[in-house]
1. More than 24 Å from residue 214 (Cα to Cα), in the same structural domain as residue 217 (by TED's automatic domain parsing) and basic (Lys, Arg) - does that describe any residue in the range 120-127?
2. Of a type in the set (Lys, Arg), modelled with pLDDT under 85, over 27 Å from residue 49 (Cα atoms) and touching a strand residue (DSSP E or B) at 6+ places or on another chain (Cβ under 8 Å) - does that describe any residue in the range 115-125?
3. When residues of the range 169-224 are filtered for being at positive phi and buried (at least 16 other Cβ atoms within 10 Å of the Cβ), how many remain?
4. So how many residues does the range 198-224 have that are over 23 Å from residue 110 (Cβ atoms) and free of Cβ contacts under 8 Å to residues at least 12 places away in the same chain?
5. Note down all Cβ pairs under 8 Å where the first residue falls in the range 177-189 and is assigned to a loop (DSSP other than H, G, I, E, B), the second is of a type in the set (Gly, Ala, Ser), and they're at least six residues apart or on different chains.
6. Where the second residue is assigned to a helix (DSSP H, G or I) and of a type in the set (A, V, I, L, M, F, W, C) and the first is over 14 Å from residue 103 (Cβ atoms) and not assigned by TED's automatic domain parsing to the domain that holds residue 158 and lies in the range 42-58, which pairs have Cβ atoms under 8 Å and are six or more apart or on separate chains?
7. Suppose the filter is in the same structural domain as residue 76 (by TED's automatic domain parsing), closer than 27 Å to residue 76 by Cα, in contact with a Gly (Cβ under 6 Å, 6 or more places away or on another chain) and not acidic (Asp, Glu); does residue 212 pass it?
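The values are calculated or read from the model by the stated rules, or taken from the named source; none is laboratory data. This structure is a prediction, so every number in the text was calculated from the model and none was measured. Every residue, glycine as well, gets a Cβ built from its backbone with ideal geometry; the counts of neighbours run over all protein chains shown.
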Amino acid sequence: MSLENEISIWSYLPMIVSGIIVGVVLFMIDAIIKRISRNNVRRVKDQEHNTSILDQIHENSIILDRAREIVVIDIKRAGQYPNYNIKSIGVSSSLKIGYVGAGSVNGVELLIQHPLPFIYDSEKRCYVHKLNDSSTDTSVTLFPIGTIALESIEHIDWNGDEYEGLPRFFVNYKRFGKGPWSRIEYCESQMSRGRYHYTKVRYPVLVQIRKWGYPRWRKYPYIL
């Protein structure tokens with residue numbers, strides 16, 4: 001190959017490199033636009049789904065007020081209902097639980113267990129509950145409220161069934177062992193007009209739990 005031919009070939013190199021760069025940039029821009037479009041479509045679908053679930057809850061508020069409880073079922077393990085395996089690892093595939101309320105921001109709020117006694121720690125500026133605490137000094141009794149995000153609720157059976165006769169919420173559980181909750185927090189309770197109303201406490205809450213056989217502290221609100 002002559003020197004003139006080599007010079008001629010090398011003269012096209014910047015054009016070739018520029019073409020490759022432009023092609024890569026256009027490909028990336030197209031991929032980003034498609035991703036944004038998919039996210040927008042998914043967001044619209046999620047909003048429509050959440051609105052539909054919330055409308056159902058509001059339309060059937062009388063049923064919920066009368067029942068005071070609902071059954072939460074893991075949709076992936078719905079076939080196990082109503083059989084409970086207390087030896088199974090992780091959260092039960094179905095939970096019979098007290099209904100508190102629902103909103104467009106938080107989701108469906110449920111009373112997940114019995115209330116606990118707490119002592120206010122003025123130094124740490126938080127409420128504290130210790131395991132096996134025999135102290136009778138109780139500042140306040142707080143109720144644990146779990147929230148299920150609206151987007152996690154796939155379907156609601158308002159007719160109930162022959163086992164419980166309660167509304168059944170079919171839910172996509174969170175990752176293994178976390179149950180259906182997106183958030184857990186402790187609240188104070190007040191009776192008004194024949195029903196309880198729950199209010200978030202001003203300060204953080206520390207609860208001593210036992211995990212893997214050892215006591216440890218968990219801070220609330222607890223975001224899952």
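1. The first filter runs over the range 120-127 and keeps only residues more than 24 Å from residue 214 (Cα to Cα), leaving 122-123, 125.
Next cut, in the same structural domain as residue 217 (by TED's automatic domain parsing) only: 122-123, 125.
The next check asks that each one be basic (Lys, Arg); those that pass are 125.
Scanning the range 120-127 turns up at least one residue that is more than 24 Å from residue 214 (Cα to Cα), in the same structural domain as residue 217 (by TED's automatic domain parsing) and basic (Lys, Arg).
2. Residues of the range 115-125 that are of a type in the set (Lys, Arg), as a first pass: 124-125.
If we keep only those that are modelled with pLDDT under 85 as well, we get 124.
Next, from what is left, pick out any that are over 27 Å from residue 49 (Cα atoms): 124.
Now drop any that are not touching a strand residue (DSSP E or B) at 6+ places or on another chain (Cβ under 8 Å), which leaves 124.
Looking for residues that are of a type in the set (Lys, Arg), modelled with pLDDT under 85, over 27 Å from residue 49 (Cα atoms) and touching a strand residue (DSSP E or B) at 6+ places or on another chain (Cβ under 8 Å), one finds at least one in the range 115-125, hence yes.
3. The initial filter retains those residues of the range 169-224 that are at positive phi, namely 177, 179, 193-194, 212-213.
Applying the additional criterion that residues be buried (at least 16 other Cβ atoms within 10 Å of the Cβ) yields 179.
Summing the residues that are at positive phi and buried (at least 16 other Cβ atoms within 10 Å of the Cβ) in the range 169-224 gives 1.
4. 5
5. 177/90; 179/146; 180/146; 180/152; 181/146; 182/107; 182/149; 182/152
6. Matching pairs, first to second residue: 49/150.
7. Details: in the same structural domain as residue 76 (by TED's automatic domain parsing): yes; closer than 27 Å to residue 76 by Cα: yes; in contact with a Gly (Cβ under 6 Å, 6 or more places away or on another chain): no; not acidic (Asp, Glu): yes.
For residue 212, the condition - in the same structural domain as residue 76 (by TED's automatic domain parsing), closer than 27 Å to residue 76 by Cα, in contact with a Gly (Cβ under 6 Å, 6 or more places away or on another chain) and not acidic (Asp, Glu) - is not met.
Per-residue answers, yes or no, for (1) closer than 15 Å to residue 173 by Cα; (2) modelled with pLDDT of 85 or more; (3) not in a strand (DSSP E or B):
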| residue | (1), (2), (3) |
| --- | --- |
| 57 | no, yes, yes |
| 62 | no, yes, yes |
| 71 | yes, yes, no |
| 82 | no, no, yes |
| 86 | no, no, yes |
| 95 | yes, no, no |
| 113 | no, no, yes |
